[in-house]
1. What is the packing order of peptides 160-168, 482-490, taking the mean over residues of other C-beta atoms within 10 Å and listing the highest first?
2. Would you please put 590-603, 254-267, 762-775 in order of how densely packed they are, using the mean number of other Cβ atoms within 10 angstrom per residue and starting with the highest?
3. What whole-number distance in Å separates the alpha-carbon centres of the stretch 416-462 and the stretch 97-142?
4. With a cut-off of 8 Å between alpha carbons and a minimum separation of six or more residues, what is the relative contact order of the stretch 530-581 in percent?
5. What order do you get for 364-377, 324-337, 50-63 when each peptide is scored by the mean count of other beta carbon atoms within 10 Å, highest first?
6. Loop-only chymotrypsin sites (Phe, Trp or Tyr not before Pro) in the stretch 181-277, please: DSSP not H, G, I, E or B, and at most 13 other Cβ atoms within 10 Å.
7. Mind ranking Ile38, Ile49 by accessible surface for me, highest first, 1.4 Å probe?
8. For the stretch 282-401, rounded, prolate or oblate, judged on the Cα gyration tensor with a ≥ b ≥ c (square roots of eigenvalues), a/c < 1.5 rounded, else prolate if a/b > b/c?
Amino acid sequence: MRARSAIAVLSCLAVGAAGAILAPPATAAWAPSKTSAITIDVDGTTLGIDDSVTDMSGSRSGVFGGAVAPSSGSSPGTGELTEMYAAKAGSFVNFEARGGIVAVSCSGSGTTYYRRAQVTVGHLPSGTNYVWVFADAEVGPRVGTTPQFNDMGTMISATGTSAGTTLTVADTSAIAAGDQVNGAGIPAGTTVSTVDSSTALTLSAALTSNVSGNVTIYTERIGATSGLQELCDGTTPYIAGATGTSATTGVLTLGDASASPSTARNNAGVYVNGTSASPVSFDIYVPTNGGSSGSTENFIALGIVVDAGGDGVLDDTTGDTAIFTHVVSKPWDSTSDVLLSACSSPSATADPCIDTAATGIFAADGTTRVGTTSQFSAVASLLSATGQGIIDVNLGFTAAQTGGFAIPANSIVKVSISLPTSGTIGGIDFSQLRFNQGSGQTELLVDPRTTSSSSPTNRWDISTVSDRDIVSIAGQARATSAAVSRSSWYADCQLSWSGSTVSTTGCGEGMTSSVSANYMVFTSVPAGVTLAAIDDPVMATIAGGLVSTNAQGMDFGAETMAGTSFQFAVAGPSYNASDASRSSDGFYYVCVPDAFLSGSFSTTAATAASDWVGTRDGSEIATSFSTGTCGTSGGLVAFLDPFGYSAPVFSLRPPTPASGGSSGSSGAPAATTETVVQTTTTPAATTTSTPAAPAAPAAAPVVYPKLATGRTVKPAYLVKLAGFGTKIKRGSSVRITVPKMYRSVCRVKAGKVIAISSGVCGVKVKVIDAKGKVRAKKRVYLTTTI
């Protein structure tokens, strides 16, 4: 679910979250020097690997598979491999699963939710390679930090007689059947067959010599394919070859069986025989429980071993490579998240559902479906507070397509959701909060100027059919950059307002590169819409309103609630995943409904389109205005493309008397001064940003002859300078306004411009006919002479 809130109070509602993902204990002293061109890709995010990285707990390096790292040197020993890590700028990286949610009926009872993802190992050495993957979905609650394939074992004192199969130990309370046993006199691959008493074990193989001393017992390592983890149904494996890829379960031995004592350790996993350096892909299920008390977490640990040449002999001085990473999922919140089913004649009180024919991911034409109607899922997150409700709907593939489970950039995403009109579901009282009176936010590009219920690519409409409210949207899926917290590893940007102060948490807008101590920037393609219904007189007038922007987060401001402007804040990192500035990849398309315009400003969409202005952080910017359809009615459309991110506050408003303009038919409310303070909250610090001063106009100033400080410019002369000519008809009037950025230079009084200091004075000149329609408009720049 996108962490986006429609109004301030709802931004404070908690979304279920897992605790921080902890790192294994860091190793020290050993200084590996292995390099590799191998890459890891998860649902479109591709990263290289490094043998020594840092994370939030410090440095990380070691030997793969739980062996003790040597005190120094670049080779870890016979049958061992340097552990390498998916990395970015020398930092350890977890990947985020981008697929849809799958509900699995558990053996016995209950349902558990998993998210799909695809892992691709690329840039393999030439020739034949066996690519192994070891997965541990129980790494979090079971052992705290260490995955089973990295289990370093526990030393315990034991005695036994040659040719016998029994070991006597001090305490068997932490030992179970299937645990691997290593030590002098114990054959490689030996496991515990049975735990016979509090001090006695029976082994799977006979001792080759007397045992008297320490042995190593691996209590978590999965040494046989019969022990491979499965989903809660008891049959579906966590990992398998991608569609069309044959994968085999097997056992890979790490370490040296000939050593005394043996260091051999069996690891059960899945492998693919890849050839000619071709990428090898695996499809995985990622847990979403997100709690520390269950049998799964919201991430899966992956160990990957590339056996170059496929000879079964691991040699760190060759192309043999071992990699460790995590794949993380947004936690599933059973109190607010709902997996939407297909609609089938729902009643007024039935759960939200989707029209599968009008929902899904499509090619750019909007008609060619990507996948099938059964290969995606739609999840709705329902959040509520007194008199307020939000429904956040997101789509994802449940079967891999080209590029894995990620939504293809520039595809068309459609959502048609049927909502109840009575009853309480997920804390939302649908009798009180009717979503035919709701507004929307989306990261899809939807242009309200041309939306139509018959359009396969550009749709935004709300209707009531029988006793259900139907909200439908279609738009272009655009890539966005999201800052991901390194404590949770999934995007969770939150915005909230306190008066004119905008607070952001987890949005990463203060970053100066794509990697920081607390965040990393990743690129994703969201596919969904957030719907809000509010029991409030002013907010009811924005029913059908829409904000379409590829920001990471968005929230309405206090001026929207008060009806003094259409104000909203967005947030996102200023750098993308490639470490390039995001100065020009942002967009917004906003639809302000007729009811809001007439109720708060006594104006119409056509009139507002001719004279409203757009601001960013209080300064006027070049915003385009038009008319369009806001879900259920007409409205004003404002659009801006491109712009750069951080945490800007945008406002759409008429020129006010305070700006030197005449309110005219815009119906401006009493003069207000837009002052915005932006506060960014991160785990490390709180900062306040000040908007930069507007740039000087690019157009060459027009010099009015003999204009000195304090002299006036009459409207007729401005019309002449603007070149309007024959557009002036009988009964027409001239409206002159001064943008905020020039208020310190010039002002308007009684229809005349008065230059009050030297410099450039930019004014907007509009010719209004007798019917109130704008016949011509232009900006004219003046300079004074001293």
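1. Working: 160-168: 16.4, 482-490: 23.3.
In decreasing order of mean packing, 160-168, 482-490 become 482-490, 160-168.
2. Details: 590-603: 22.6, 254-267: 18.7, 762-775: 16.8.
Highest-to-lowest ranking by the protection proxy: 590-603, 254-267, 762-775.
3. If you average the Cα positions of each part, the centres end up 34 Å apart.
4. On the way: 40 pairs, mean separation 13.9, N = 52.
Relative contact order here is 27 percent.
5. Values: 364-377: 14.7, 324-337: 22.5, 50-63: 19.4.
The densest-packed peptide leads the list: 324-337, 50-63, 364-377.
6. Numbers: sites: Tyr218, Tyr238, Tyr271; in loops: Tyr238.
Answer by residue number: there is no such site.
7. On the way: Ile38 5, Ile49 25 Å².
If we order Ile38, Ile49 from most to least accessible, we get Ile49, Ile38.
8. Working: a/c = 3.64, a/b = 1.80, b/c = 2.03.
Cα axes put the stretch 282-401 in the oblate bin.
The values are calculated or read from the model by the stated rules, or taken from the named source; none is laboratory data. None of these values were measured; they are calculated from a predicted model. Note that each Cβ is placed from the backbone with ideal geometry, even for glycine, and that neighbours are counted across all protein chains shown. Protein only, heavy atoms only, side chains kept; ligands, DNA and RNA dropped before computing areas. Shrake-Rupley method; radii C 1.70, N 1.55, O 1.52, S 1.80 Å.
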